[in-house]
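For reference, the structure discussed in these notes is given below.
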Amino acid sequence: MTQAPSTRLMWVLSAALLLQMALACGNREPEPPPLVVQGTRYESSSVLPTRFEKVEGTALFEFSSQLAALLAAAETPPPGLQNFFILLNPRNPTEGILVHAGMTIDPGLLEHQSSRMVTVTGDVKVVPAPDVASFMQEQFGISLARDEKGYPAWIDNELPLELTAPPSPPEPQTQGAP
């Protein structure tokens, strides 16, 4: 007779434990969806998105060689150091974000481009190089997008950019033979 009450007690305790586990699993916060900014002009925000899609801004190409030198000093330098430029907010040109133009671009080609409106799409990544952001702020007054640790963010651009080859140096002219 003593086994019947203990079997029922075990069954009740097991059911209570399963119910408690089910309730605990049901109370978990769902993972927030990734923040994607799309189809607009670039603007910095307090929350760094995980991706930009078809975002327009003013490409500032002339600092690409300086950016390469600064990014090379990072703990973990990003790939294609020579292929970074700054995308500025057209409404507030003191706000910008780094953009990696792609791996297939010839080194040195970006710095010969003129500033113009471009559209970029890509995932947002971070480079552990806070000196890049502070240098751009101090030297040029451009506030780069950063994560919560102060590391500069960059967009890994997936769209092709229309780049022009740098002008060839003029050929020396020879004077006619005497």
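One table, with the values for the structure above:
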read-out	value
Leading residue by the ranking (modelled with the lowest pLDDT) among those in segment 79-99 that are open to solvent by less than 70 Å² (accessible area, probe 1.4 Å) and touching a helix residue (DSSP H, G or I) at 6+ places or on another chain (Cβ under 6 Å)	Leu81
Which numbered condition Glu62 misses (of (1) in contact with a His (Cβ under 9 Å, 6 or more places away or on another chain); (2) open to solvent by less than 70 Å² (accessible area, probe 1.4 Å); (3) of a type in the set (D, E, K, R))	(2)
Test for Glu56: is it part of a loop (DSSP other than H, G, I, E, B), open to solvent by 10 Å² or more (accessible area, probe 1.4 Å) and not basic (Lys, Arg)	no
Counted residues, segment 118-140 - those being buried (at least 20 other Cβ atoms within 10 Å of the Cβ) and polar (S, T, N, Q)	0
Residue count, segment 43-53 (criterion: surrounded by 15 or more Cβ atoms within 10 Å (Cβ to Cβ) and either part of a strand (DSSP E or B) or without any contact (Cβ under 8 Å) to a residue 60 or more places away in the chain (or both))	4
Residues (at pLDDT 65 or above and not hydroxyl-bearing (Ser, Thr, Tyr)) located in segment 31-45	Glu31, Pro33, Pro34, Leu35, Val36, Val37, Gln38, Gly39, Arg41, Glu43
Residues satisfying the stated conditions in segment 100-112, i.e. hydrophobic (A, V, I, L, M, F, W, C) and either over 14 Å from the mean Cα position of the chain (by Cα) or surrounded by fewer than 16 Cβ atoms within 10 Å (Cβ to Cβ) (or both)	Met103, Ile105, Leu109, Leu110
Filter result for the condition that a residue is more than 14 Å from the chain's Cα centre (by Cα), within 17 Å of Leu48 (Cα to Cα), open to solvent by 20 Å² or more (accessible area, probe 1.4 Å) and not aliphatic (A, V, I, L, M), over Ser115, Ser143	Ser143
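The values are calculated or read from the model by the stated rules, or taken from the named source; none is laboratory data. What you see is a predicted model; the values in this text were computed from it and never measured. Because the Cβ atoms are built from the backbone with ideal geometry, glycine has one as well, and the counts that use them run over all protein chains shown. Remember, those area values only see protein heavy atoms, side chains included, never the ligands or the DNA or RNA. Shrake-Rupley method; radii C 1.70, N 1.55, O 1.52, S 1.80 Å.
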